[in-house]
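The structure under discussion appears below in the form of structure tokens.
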Amino acid sequence: MNYLFQVLTIISIYSILALSLNLLIGYTGLLSLSHAAFYGIGAYIGTLSGIVFGLSFFPCLLLAIAGTVAISFVVSLPSLRLKGDYFVLASLSFQTIVFVVLYNWIAVTRGPFGLTNIARPTLFGFSLSSDFAYFVFSGIIALACLGLLYLIGHSPFGRLLKAVREDEIAVSALGKDITRLKVTAFAIAAGFAAVAGLLFAGHVRYLDPTSFTLLESVFVVSIIIIGGAGNVSGPLIGTVLLVTLPEVLRFVGIPYTIAPNLRQIIYGLLIILVLRFKPQGISGEYGFE
Amino acid sequence: MSVLVLDHVSKAFDGIQAVKDVSLTFEHNAVTALIGPNGAGKTTLFNLICGFVHPDEGAIYYRGKNITGLPPWRVTRMGIGRLFQDVHLFDRLTVRENILTAFQNQTGENPLKAVLLRRRMLREERSHNRRALELLDFVGLADKADDLAENLSYGQQKLLAVARVLAVDADTLLLDEPTAGVSPALIPDLLDLIRKLATSGKAIALIEHNMNAVTNSADRAYYIADGEVVSHGSPNEVLGNPTVRMHYIGI
């Protein structure tokens, strides 16, 4: 049973990542490859706040969000001036820089040794140390995030982000500041990634930089490409599908030595098939071209 | 007093002088037409006013304020709306959503307010939806409200772009070939609308190749060739000018 709750916790965490990145990819049309960087920054800031200042979960969460959003401004203001492929490259380089910093800033992050024995939060004197309790906790937080992202997406703000995706010139001719819209979308996506990061830290109770590589960013992008972009159902379906796929491989008895490679092959194949035959993904409203 | 003034404006692109020392004025309650051959620099003048390009020399004033160098969204917020020649619609948004993006100062444009002031936002959305349908009804697209903009014919797209710029509710409208591509049966209605907007107090700048449209709906005209103002006055005076007749009309 614990295994099931662990998988469901991972689904909760990735649904936050996918739906927040959807605000950039699906709504605004910004293919960002740095989502795992913000996920990692949030995980480290939140966890270190707990270790260094002895804060409880929610103050740590607030610090993680605030810190990650602040860093997002530093990155987004210069990189959002770039268009199309150049923005993708800028986000990719930021992703790489963050990994290198997490890996080498040993005095703070302990680098490859990682942060160990991360305490699971205690709420109102009730410990979340069991996998079931932690799943309920992350599920509730994920639902709150999904609700917020739904309200943000279904608003004039969300509509303007889609308009930016379609035609930036027209948006600015309608009196809307496109830089501000993009920077705000970027900050919101980063803030939600930080929430996912802190939930992840409490789930595995161990942090090291290899959880936040470029491959992880690409994984979240794949969730959106395969599930579909621009609405809520697409990224959710993608999350459930791509997170449970390796578990299914485990059950059909594929040996551990082959499974990770097979998984990569299946992801790659899925992306190619989706882009070729159903560019809007399984349930998305906006097709990649 | 003129609402919009271009004061000795020049602009070169890669050494080619697109606009040479042009001075123009636009007035409230009047349709001012810019005419001239393709490549004369008319659309560049609109781009200069809107802030998409900035002049090398000269200045642009709106209601007495220097707006030279402002970004396009600020120019629009000051009250200048722009209809693009090549429509610039949001293709994969619905016809209705295309209009809804254009309303100014929406509470829900701020994501924090969209969450915290949800009720106010929804109330505003209902009234904006009504207004959007009125505008769509006005251009005859009400039954297409929930179609994607990319599925409209070119003429319908043009009308949607007109409805969208009206939703901005700007005092000054820059209309770049509003009748091009619109079905001939609808053109008189469109020109009628432009006249009505001017009578209601707006300043209208109109780039137009249809000379009947110019003589029927414009109060003033500038003839522009090779980036320079060649002649200005009433449409009949300008079209009667011998240089204009020879170069533009060919008689």
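The values are calculated or read from the model by the stated rules, or taken from the named source; none is laboratory data. Since this is a predicted model, take the numbers as computed values, not measurements. Glycine gets a Cβ as well: all are built from the backbone with ideal geometry, and neighbour counts include every protein chain shown.
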Within region B:123-135, can you find the residues that are within 13 Å of chain A (Cβ to nearest Cβ) and within 20 Å of B:VAL95 (Cα to Cα)? B:GLU124, B:GLU125, B:ARG126, B:SER127, B:HIS128, B:ASN129, B:ALA132
Please find, within region B:102-122, the residue that is farthest from the other protein chains (Cβ to nearest Cβ) out of those that are crowded, with 17+ Cβ neighbours inside 10 Å and touching a residue at least 24 places away in the same chain (Cβ under 8 Å). B:PHE103
Could you name every one of the helices (runs of 4 or more DSSP H) located completely within region A:172-289 that has at least 2 residues being modelled with pLDDT of 90 or more and of a type in the set (D, E, K, R)? A:178-204
Lone qualifier among B:ARG126, B:ARG120, B:ARG82 - being closer than 25 Å to B:ASP171 by Cα, charged (D, E, K, R) and assigned to a helix (DSSP H, G or I): B:ARG126
Could you give every pair whose Cβ atoms fall below 6 Å, whose first residue belongs to region A:68-86 and is without any contact (Cβ under 8 Å) to a residue 40 or more places away in the chain and more than 10 Å from A:ALA187 (Cα to Cα), and whose second residue is among the small types (Gly, Ala, Ser) and part of a helix (DSSP H, G or I), counting only separations of at least 6 or pairs across chains? A:SER79/A:ALA90; A:LEU82/A:ALA90
Which ones in region A:109-129 are touching a helix residue (DSSP H, G or I) at 6+ places or on another chain (Cβ under 7 Å) and closer than 17 Å to A:PHE212 by Cβ? A:THR109, A:GLY111, A:PRO112, A:LEU115, A:ILE118
For residues that are within 7 Å of chain B (Cβ to nearest Cβ) and either under 14 Å from A:LEU30 (Cβ atoms) or not in a helix (DSSP H, G or I) (or both), tally how many sit in region A:146-159. 1
Residue count, region B:58-80 (criterion: under 22 Å from A:ARG165 (Cβ atoms) and surrounded by 22 or more Cβ atoms within 10 Å (Cβ to Cβ)): 2
Residues of region A:190-211 satisfying the condition of being closer than 18 Å to A:GLY111 by Cα and under 10 Å from the mean Cα position of the chain (by Cα): A:GLY197
Among the candidates A:LEU63, A:LEU8, A:LEU33, residue that is surrounded by fewer than 24 Cβ atoms within 10 Å (Cβ to Cβ), without any contact (Cβ under 8 Å) to a residue 40 or more places away in the chain and among the hydrophobic types (A, V, I, L, M, F, W, C): A:LEU63
Among the residues of region B:226-241, is any under 19 Å from the mean Cα position of the chain (by Cα), over 22 Å from B:LEU6 (Cα atoms) and at pLDDT below 95? no
Give me the residue from region A:165-185 that is among the aliphatic types (A, V, I, L, M) and either more than 9 Å from every other protein chain (Cβ to nearest Cβ) or free of Cβ contacts under 8 Å to residues at least 24 places away in the same chain (or both) and, out of that set, nearest to A:PRO121 (Cα to Cα). A:VAL183
Give region B:72-101 a look and list any residue that's in contact with a Gly (Cβ under 8 Å, 6 or more places away or on another chain) and either free of Cβ contacts under 8 Å to residues at least 12 places away in the same chain or within 7 Å of chain A (Cβ to nearest Cβ) (or both), or say none. B:PRO72, B:TRP73, B:THR76, B:ARG77
Any idea how many residues of region A:120-161 are touching a Gly at 6+ places or on another chain (Cβ under 7 Å) and either at pLDDT 95 or above or surrounded by fewer than 22 Cβ atoms within 10 Å (Cβ to Cβ) (or both)? 6
Please go through region A:36-60 and pick out each residue that is touching a residue at least 40 places away in the same chain (Cβ under 8 Å) and of a type in the set (Gly, Ala, Ser). A:ALA36, A:ALA37, A:GLY40, A:GLY42, A:ALA43, A:GLY46, A:GLY50, A:SER56
Single residue of A:PHE87, A:PHE38 found to be among the aromatic types (Phe, Trp, Tyr), within 26 Å of A:GLY238 (Cβ to Cβ), modelled with pLDDT of 95 or more and out of contact with any His (no Cβ under 6 Å at 6 or more places or on another chain): A:PHE38
Only one of (1) surrounded by fewer than 24 Cβ atoms within 10 Å (Cβ to Cβ); (2) more than 23 Å from A:GLY84 (Cβ to Cβ); (3) within 14 Å of chain B (Cβ to nearest Cβ) does not apply to A:SER211, and that is (3)
